[in-house]
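A.B. asks: Structure below; questions to follow.
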Amino acid sequence: MIDTRTAPYAAFLLRATLGTMFIAHALLKYAVFTLPGTARFFESLGLPGPLAYATFAAELIGGTLILAGLGTRWVSLALVPVLLGATWAHAGNGWLFSAPNGGWEYPAFLAATAVVQALLGDGRFALSSVIPNRKILGALA
């Protein structure tokens, strides 16, 4: 049974932490590894280098939208493939993310978290409760 008194706070906490995680992960690619360095890493995995730039943009923009509570359900679902890709990239490193080059359990957990966030939606404490989604989608088109 869901406690309707505390569920809005749980949805907000999940949305705030997931959005912040995506933003932080994007900034890590930018400030620490650099975007060209991230592109080289993608290429070392057999992925196209430009995919690193698309991943950076998806994480930064997606994280910002999730944090703000704008289209959270769809943005979270759209970012699941990014997290599954990260899970795949770290699969050979073992279970723990503290392993050399990071393990796969953290991105796998975040993929599940993004699915849960998609099931929950924006929640009460979101900009979408002030700005109708139809208006947001019109501005993005």
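The values are calculated or read from the model by the stated rules, or taken from the named source; none is laboratory data. Just so it is clear, the model here is predicted, and its values are computed rather than measured. Note that we place each Cβ from the backbone using ideal geometry, even for glycine, and neighbour counts take in every protein chain shown. Areas reflect the complete protein model, heavy atoms only, side chains present, ligands, DNA and RNA absent. Shrake-Rupley method; radii C 1.70, N 1.55, O 1.52, S 1.80 Å.
A.B. asks: Taking G103, is it within 18 Å of the chain's Cα centre (by Cα), modelled with pLDDT under 95 and surrounded by fewer than 20 Cβ atoms within 10 Å (Cβ to Cβ)?
C.D. replies: yes
A.B. asks: Name the residues in region 24-56 that are within 27 Å of A118 (Cβ to Cβ), open to solvent by less than 50 Å² (accessible area, probe 1.4 Å) and either outside any helix (DSSP H, G or I) or in contact (Cβ under 8 Å) with a residue 24 or more places away in the chain (or both), would you?
C.D. replies: Selection gives A26, K29, T55, F56.
A.B. asks: Continuing with the same structure: It is to be established whether one or more residues within region 64-75 are aliphatic (A, V, I, L, M) and free of Cβ contacts under 8 Å to residues at least 24 places away in the same chain.
C.D. replies: Let us first name the residues in region 64-75 that are aliphatic (A, V, I, L, M), namely 65-68, 70, 75.
Now narrow it down to the ones that are free of Cβ contacts under 8 Å to residues at least 24 places away in the same chain: 75.
There is at least one residue in region 64-75 that is aliphatic (A, V, I, L, M) and free of Cβ contacts under 8 Å to residues at least 24 places away in the same chain.
A.B. asks: Kindly indicate whether L79 is buried (at least 18 other Cβ atoms within 10 Å of the Cβ), over 18 Å from G102 (Cα atoms), in contact (Cβ under 8 Å) with a residue 24 or more places away in the chain and in contact with a Phe, Trp or Tyr (Cβ under 7 Å, 6 or more places away or on another chain). Give the derivation first.
C.D. replies: Numbers: buried (at least 18 other Cβ atoms within 10 Å of the Cβ): yes; over 18 Å from G102 (Cα atoms): yes; in contact (Cβ under 8 Å) with a residue 24 or more places away in the chain: yes; in contact with a Phe, Trp or Tyr (Cβ under 7 Å, 6 or more places away or on another chain): yes.
Against the criterion (buried (at least 18 other Cβ atoms within 10 Å of the Cβ), over 18 Å from G102 (Cα atoms), in contact (Cβ under 8 Å) with a residue 24 or more places away in the chain and in contact with a Phe, Trp or Tyr (Cβ under 7 Å, 6 or more places away or on another chain)), L79 qualifies.
Results for (1) in a helix (DSSP H, G or I); (2) open to solvent by less than 30 Å² (accessible area, probe 1.4 Å), shown as yes or no for each residue.
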{"residue": "A58", "(1), (2)": "yes, no"}
{"residue": "L65", "(1), (2)": "yes, no"}
{"residue": "T87", "(1), (2)": "yes, yes"}
{"residue": "G92", "(1), (2)": "yes, no"}
{"residue": "L96", "(1), (2)": "no, no"}
{"residue": "A114", "(1), (2)": "yes, yes"}
{"residue": "R124", "(1), (2)": "no, no"}
{"residue": "S128", "(1), (2)": "yes, yes"}
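A.B. asks: Follow-up. Tell me yes or no: at least one residue of region 1-23 is modelled with pLDDT of 95 or more, open to solvent by less than 30 Å² (accessible area, probe 1.4 Å) and part of a loop (DSSP other than H, G, I, E, B).
C.D. replies: For region 1-23, residues modelled with pLDDT of 95 or more, open to solvent by less than 30 Å² (accessible area, probe 1.4 Å) and part of a loop (DSSP other than H, G, I, E, B): absent.
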